[in-house]
Amino acid sequence: MRLVLVLLSLLVAPMAAQAEFAQVTERARFVSLIEGRDLTRFGIRLEVTPDGRIQGRAFGRDVSGAWRWAQGYFCRDLYWGSMELGANCQAVRQRGDTLRFISDQGTGRYADLYLR
């Protein structure tokens, strides 16, 4: 019985954590979150500016690019060093000082970045 409870808690915890993130659907709300702050994660520090620029460093390489808000999504074109990562429109969700960017309009992989 105890093993069943442990396994059940492991299954429910990720669902509960996912539910705590609120969808950011408006450009003005997104800008209010990122303005004057960096997005960070181990090895990553990015500045996403209200005027549509992305700049910073990730794992020892420069990051540069541009973004726009389109139909409720953060759409970006990005370079990591000389490697073009291409365009992608991402869903943005927020929980406290964490922004979760989910690729492919919210259907793909995600990365959590912290507002500092």
Being modelled with pLDDT under 95 and not polar (S, T, N, Q) is the requirement here; does ALA66 meet it? no
Look at segment 20-57 and say how many of its residues are within 17 Å of GLY96 (Cβ to Cβ) and not in a loop (DSSP other than H, G, I, E, B). 12
Which ones in segment 50-59 are over 16 Å from the mean Cα position of the chain (by Cα) and free of Cβ contacts under 8 Å to residues at least 12 places away in the same chain? ASP51
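One line per residue, one yes/no per condition, for (1) surrounded by fewer than 19 Cβ atoms within 10 Å (Cβ to Cβ); (2) modelled with pLDDT under 95; (3) closer than 23 Å to GLU35 by Cβ; (4) among the hydrophobic types (A, V, I, L, M, F, W, C):
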residue	(1), (2), (3), (4)
MET83	yes, no, no, yes
VAL92	no, no, yes, yes
ASP97	yes, no, yes, no
ASP104	yes, no, no, no
ARG109	yes, no, no, no
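The values are calculated or read from the model by the stated rules, or taken from the named source; none is laboratory data. If you're wondering where the values come from, they're calculated on a predicted model, not measured in any experiment. With ideal geometry, Cβ positions are generated from the backbone for all residues, glycine too; neighbour counts draw on all protein chains shown.
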